[in-house]
Amino acid sequence: MWEQYAAALPANAWNWSAVWRRNYMAWRKAALASLLGNLAEPMSALFGLGFGLGLMIGQVDGISYVAFLAAGMVATSAMISATFETVYGAFARMNAQRTWDAILCTELTLGDVVLGELAWAATKAVLAGTGITIVAAALGYAAWPSIPYALPAIALTGVAFASLAMVVIALAPSYDYFVFYQTLFLTPMMYLCGAIFPVAQLPIALQRVAEALPLAHSIDLIRPAMLDRDASSVGLHVGVLCLYTVVAFVVSALLLRRRLMR
């Protein structure tokens, strides 16, 4: 029984890097367009809401609304970038381009491929999140010295959401089904998890829902780092994101094994 599922797990600790390098070599040909695309939506929200709505709101939790929103947009950008790279990029490599089929003819296992895809999606998330962080710092809405402390949280956010998205592509028959994940899961998280306004403004029941969602824990790690504040319950936030990552990785690997064996 174990041999049947061994192929769904990584063969070793380094095979995934071959998949990461392959995706990087393909991506760098259109790197600029890809980066601009990942930054467009969160940057428009930052400037549109921050400088528009922010003038009416003033301060939130003792800081300007723009600074509050900037941290939320960094986490949101990492979430969106990792998700889109997985549901469109990885799904295309698995389903339409059949790149995975070619890779699986080598010594790499399905687990190696999935882990490499997750690492690549996390890399895209770090690039997108770092870009917005730099813009926020240049405008004075983030502290330059504390930016390096936000990078591990951005990377962990990317891995967590890429793992969740991997479960989605394991189940989705086609691209048409991804819109349900985006509109029913990703978009509500932006409003529930403190990206745009404080979670404390929500009814108690919705606050409890937000506490279980990964984006809330990501924001609670990234916002204090960007604002050079002490973070609370760091172990809890990291643990929840790691739990989402590990559980979703195992589930997606097993589901993908069943799908590819058909």
Full-extension gain in nm, A96 to S44, via 0.36 nm per residue minus C-alpha separation: 15.5 nm
Amide H neighbours of V60 at under 5 Å, excluding residues fewer than 5 places away on the same chain, with H built from the backbone geometry, are Y65
Once you wrap a convex hull around the alpha carbon atoms of region 31-260, what is its projected area averaged over all directions, in nm²? 13.0 nm²
By Kyte-Doolittle mean hydropathy of at least -0.5 and Cα axial length of at least 30 Å, which whole DSSP H helices of the chain are selected? 110-138, 147-171, 234-260
Where does the chain land at 222 nm, in deg cm²/dmol rounded to the nearest 500, when only DSSP H runs of n ≥ 4 count, each adding -39500 (n - 2.57), divided by all residues? -21500 deg cm²/dmol
Using every pair of alpha-carbon atoms in region 155-248, split the distances into 5 Å bins beginning at 0 and state the percent of pairs per bin, rounded to integers. 2, 13, 21, 24, 20, 12, 5, 2, 1
R28 versus I57: modelled label distance in nm, points set 7 Å from Cα along the beta carbon direction: 4.0 nm
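For region 11-74, compute Rh as the Kirkwood radius over C-alpha pairs and then the Stokes-Einstein diffusion coefficient at 20 °C and 1.002 mPa s; write the answer in µm²/s, rounded to an integer.
Numbers: Rh = 14.5 Å.
Answer, rounded: 148 µm²/s.
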Of the heavy-atom accessible surface of region 147-204 (probe 1.4 angstrom), what whole percent is carbon and sulfur? 75 percent
How far apart, in nm, are the 7 Å Cα→Cβ label points at L139 and D176? 3.9 nm
Taking the inverse of the average 1/r across all pairs of different Cα atoms in region 1-127, what Kirkwood radius in Å do you get? 16.7 Å
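The values are calculated or read from the model by the stated rules, or taken from the named source; none is laboratory data. Keep in mind that what you see is a predicted model, and the values were worked out from it rather than measured. Note that each Cβ is placed from the backbone with ideal geometry, even for glycine, and that neighbours are counted across all protein chains shown. The protein model used for the area step is the full one, side chains on, heavy atoms only, and it has no ligands, DNA or RNA in it. Shrake-Rupley method; radii C 1.70, N 1.55, O 1.52, S 1.80 Å.
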